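S.K.: Below: one structure in structure tokens.
The values are calculated or read from the model by the stated rules, or taken from the named source; none is laboratory data. Since this is a predicted model, take the numbers as computed values, not measurements. Cβ placement follows ideal geometry from the backbone for every residue including glycine, while neighbour counts extend to all protein chains displayed. Surface accessibility is based on the protein's heavy atoms, side chains included, excluding ligands, DNA and RNA. Shrake-Rupley method; radii C 1.70, N 1.55, O 1.52, S 1.80 Å.
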Amino acid sequence: MDTDRQLHELDARGWKRGLYADVQRTFRAPIVNWIFRTTMANEPGFLRYAWGQVKPVFQTRAFARLSVRYRDAVLDAMDAPDDPLPRYRPSETGLDPAAARELRGQLATYDVVAPRLAVLFETMDRALHGDPVGHEPGEVSAATEPFPDWLDRDRGRAPTLLDDADVADELADTVDRVRSFHGFDGGLPSIYRTLAQWPPFFERMWADVEPRLERDAFADALERTDDLVSSFVDATPYRPRVAPDDLTGVGFDEETVADVQGLFRQFNAGPVETVLPALPVFAATVDAAGERELI
């Protein structure tokens with residue numbers, strides 16, 4: 001699979017455009033994440049099939065609860081009353097009011113998608129390898145109740161991103177520290193290419209937050225969120241049929257199966273594991289983090 005290939009929303013037509021719209025509606029965020037764009041560019045037939053299998057996982061009140069608990073687990077560990085995260089008023093971001101408003105809206109979007117991507121990667125990685133999903137289905141009504149209409153609705157703005165080559169030279173030190181912290185060798189994840197649009201804020205925020213990400217509190221947040229996601233995937237009442245035998249049974253060849261297995265394993269077990277729990281932290285610095293009370 002060529003992970004440099006992507007089909008962007010503006011270039012999508014027909015059913016592909018419709019699927020992207022469905023992803024945005026289901027994830028409640030104005031973004032089609034890289035994992036969808038790359039899979040669509042390389043294996044569109046697989047994505048159409050797999051999305052139909054995994055979509056119900058995100059449509060329950062139980063998932064809504066998980067998304068809230070995920071955020072709270074991160075911020076409970078990282079934003080203690082006696083040692084709160086830095087908070088920046090618009091006038092403290094180093095940006096003009098319009099840019100500060102745009103920054104806040106885009107960080108809200110990343111805050112929304114963090115638990116959704118975590119569950120997507122865990123569910124698909126397990127299911128693609130024939131490992132258990134939904135083997136301990138929840139018995140409470142929330143397991144199958146619909147996702148509440150109001151939660152995370154219209155909360156973010158569509159992210160804009162710089163290409164890696166366009167990231168300002170003045171951010172070189174910050175970018176090196178970001179790569180070192182997460183263990184990335186190649187390009188920057190989307191969140192950092194979004195933040196790179198606003199160098200004054202990116203530099204200040206990372207300088208303030210990086211030491212906190214290196215403390216035990218963030219390790220605790222990683223453990224808590226990992227446990228929450230794992231338990232949710234154990235208990236989901238829906239079992240996506242994307243195991244190797246399922247996929248070959250509906251016409252996908254072994255090479256395609258191996259490609260998608262590798263792609264989702266890369267995201268579920270690689271450096272991106274430390275990126276997703278950091279997203280609510282970044283959003284909280286501009287008061288853009290969402291609901292934290294259990295629903």
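S.K.: Scan segment 249-293 for residues that are in a helix (DSSP H, G or I) and either acidic (Asp, Glu) or over 15 Å from residue 209 (Cα atoms) (or both) and report the count. Quick ask: steps written out before the conclusion?
M.R.: Start the filter on segment 249-293 by keeping residues that are in a helix (DSSP H, G or I), which leaves 249, 254-269, 271-274, 278-284.
The next check asks that each one be either acidic (Asp, Glu) or over 15 Å from residue 209 (Cα atoms) (or both); those that pass are 249, 254-269, 271-273.
Count: 20.
S.K.: Every residue in segment 3-36 that is within 12 Å of residue 48 (Cα to Cα) and basic (Lys, Arg), please.
M.R.: Within segment 3-36, 16, 17 qualify.
S.K.: Taking the conditions exactly as written (within 24 Å of residue 52 (Cβ to Cβ) and open to solvent by less than 20 Å² (accessible area, probe 1.4 Å)), does residue 209 satisfy them or not? Show your work before the answer.
M.R.: Working: within 24 Å of residue 52 (Cβ to Cβ): no; open to solvent by less than 20 Å² (accessible area, probe 1.4 Å): yes.
Taking the combined requirement at face value, the residue does not satisfy it.
S.K.: Just the residues that are open to solvent by 20 Å² or more (accessible area, probe 1.4 Å), among the hydrophobic types (A, V, I, L, M, F, W, C) and within 16 Å of residue 158 (Cα to Cα), please, taken from segment 9-44.
M.R.: 10, 21, 34
S.K.: Next question, about the same structure. So which residues in segment 141-174 are surrounded by 11 or more Cβ atoms within 10 Å (Cβ to Cβ), among the β-branched types (Val, Ile, Thr) and assigned to a loop (DSSP other than H, G, I, E, B), if there are any at all?
M.R.: Let us first name the residues in segment 141-174 that are surrounded by 11 or more Cβ atoms within 10 Å (Cβ to Cβ), namely 142-145, 147-148, 151-152, 155-159, 161-162, 164, 167-168, 170-171, 173-174.
Narrowing the set further to residues that are among the β-branched types (Val, Ile, Thr) leaves 144, 167, 174.
Answer for segment 141-174, where residues must be surrounded by 11 or more Cβ atoms within 10 Å (Cβ to Cβ), among the β-branched types (Val, Ile, Thr) and assigned to a loop (DSSP other than H, G, I, E, B): 144, 167.
S.K.: Let me ask another. Could you tell me whether residue 217 is of a type outside the set (D, E, K, R), free of Cβ contacts under 8 Å to residues at least 40 places away in the same chain and open to solvent by 20 Å² or more (accessible area, probe 1.4 Å)? So that I can check it myself, show each step before the final result.
M.R.: Working: of a type outside the set (D, E, K, R): yes; free of Cβ contacts under 8 Å to residues at least 40 places away in the same chain: no; open to solvent by 20 Å² or more (accessible area, probe 1.4 Å): yes.
The answer is no for residue 217.
S.K.: Further question on the same structure: State all residues of segment 129-183 that are in contact (Cβ under 8 Å) with a residue 24 or more places away in the chain and at positive phi; if no residue qualifies, say none.
M.R.: The answer is 130, 134, 152, 183.
S.K.: Scan the helices (runs of 4 or more DSSP H) fully inside segment 1-89 and keep the ones with 3 or more residues being touching a residue at least 40 places away in the same chain (Cβ under 8 Å) and of a type in the set (A, V, I, L, M).
M.R.: On the way: elements: 14-27, 34-42, 44-54, 61-78.
It comes to 61-78.
S.K.: I'd like the residue in segment 255-295 that is polar (S, T, N, Q) and modelled with pLDDT of 95 or more and, out of all such residues, is farthest from residue 244 (Cα to Cα).
M.R.: Initially, segment 255-295 is screened for residues polar (S, T, N, Q), giving 256, 261, 266, 268, 274, 285.
Remaining after also requiring modelled with pLDDT of 95 or more: 256, 261, 274, 285.
Values: 256: 10, 261: 9, 274: 28, 285: 43 Å.
This residue is 285.
S.K.: May I pose another question? Give the residue that is nearest to the chain's Cα centre (by Cα), with candidates limited to residues of segment 156-192 that are of a type in the set (Asp, Glu) and closer than 20 Å to residue 214 by Cβ.
M.R.: Step one: filter segment 156-192 for residues of a type in the set (Asp, Glu), giving 163-164, 166, 169-170, 173, 176, 185.
Imposing the further condition that a residue be closer than 20 Å to residue 214 by Cβ reduces the set to 173, 176, 185.
Details: 173: 25, 176: 22, 185: 20 Å.
Once the filter is applied, the top-ranked residue is 185.
S.K.: Does residue 125 fit the bill of being at pLDDT 95 or above and not in a loop (DSSP other than H, G, I, E, B)?
M.R.: Working: at pLDDT 95 or above: yes; not in a loop (DSSP other than H, G, I, E, B): yes.
The answer is yes for residue 125.
Quick grid of which residues meet (1) part of a helix (DSSP H, G or I); (2) farther than 29 Å from residue 260 by Cβ:
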residue: 207; (1), (2): yes, yes
residue: 212; (1), (2): yes, yes
residue: 223; (1), (2): yes, no
residue: 227; (1), (2): yes, no
residue: 230; (1), (2): yes, no
residue: 241; (1), (2): no, no
residue: 245; (1), (2): yes, no
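S.K.: Going by what's in this entry, would residue 113 be described as at pLDDT 95 or above and crowded, with 17+ Cβ neighbours inside 10 Å? Please lay out each step first, then the result.
M.R.: Numbers: at pLDDT 95 or above: yes; crowded, with 17+ Cβ neighbours inside 10 Å: yes.
Judged against the criteria, residue 113 is a match.
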